[in-house]
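The values are calculated or read from the model by the stated rules, or taken from the named source; none is laboratory data. Please read all numbers here as calculations on a predicted model, not as lab measurements. For neighbour counting, all protein chains shown are included, and Cβ atoms are generated from backbone atoms with ideal geometry for every residue, glycine included.
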Amino acid sequence: MPGKSKPPKPKPPMPHNRVSSAQGVQTVTQELEVHSGPIPSPHTLEHYDNIEPGAANRIITMAENQAAHRQFIEKKAISSNVRDSLLGVIFAFIIGMTITICGTTGRLLFIQHSS
């Protein structure tokens, strides 16, 4: 659909670096956590809840409300498309019958007039 906008691309997560050295040897370990979805990972939700009690529940509720809203909009768009298709068929039939009736009437009048 032309009016439908895509959700913004998520920013790539920042890697966690750990550097340790022993006897002149340096080891670098890089840890990268990637998550995709409507709600953060359970680990991230736990951190939100530690910072602000109840935040995880509010985030999940917000995601549920957004999903319900999106489903409502999609149902409305589908029903509008079905209605528009049906109206198109009905109006095409009416236009076709009008042209047929007018053409037939005009032909009959022309035949009757010329006899």
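Name the residue that is nearest to residue 66 (Cα to Cα), counting only residues in the range 24-51 that are part of a loop (DSSP other than H, G, I, E, B) and over 25 Å from the mean Cα position of the chain (by Cα).
Taking the range 24-51 as the starting set, the residues that turn out to be part of a loop (DSSP other than H, G, I, E, B) are 24, 32-41.
The next check asks that each one be over 25 Å from the mean Cα position of the chain (by Cα); those that pass are 24, 32-33.
Values: 24: 54, 32: 28, 33: 25 Å.
It comes out as 33.
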Residue pairs within 8 Å by beta carbon, gap of at least six or interchain, first lying in the range 39-57 and without any contact (Cβ under 8 Å) to a residue 60 or more places away in the chain, second among the aliphatic types (A, V, I, L, M) and assigned to a loop (DSSP other than H, G, I, E, B), listed first then second, are 45/39
Starting from the range 65-86, keep only residues that are closer than 12 Å to residue 38 by Cβ and part of a helix (DSSP H, G or I), then list their pairs with residues that are at pLDDT below 95 and of a type outside the set (Gly, Ala, Ser) whose Cβ atoms are within a distance under 8 Å, requiring at least 6 positions of separation or different chains.
66/38; 67/38
The range 33-49, residues that are surrounded by 10 or more Cβ atoms within 10 Å (Cβ to Cβ) and modelled with pLDDT under 85
33, 35
For the range 54-62, state whether one or more residues are in contact with an Asp or Glu (Cβ under 6 Å, 6 or more places away or on another chain) and either surrounded by 11 or more Cβ atoms within 10 Å (Cβ to Cβ) or among the charged types (D, E, K, R) (or both).
yes
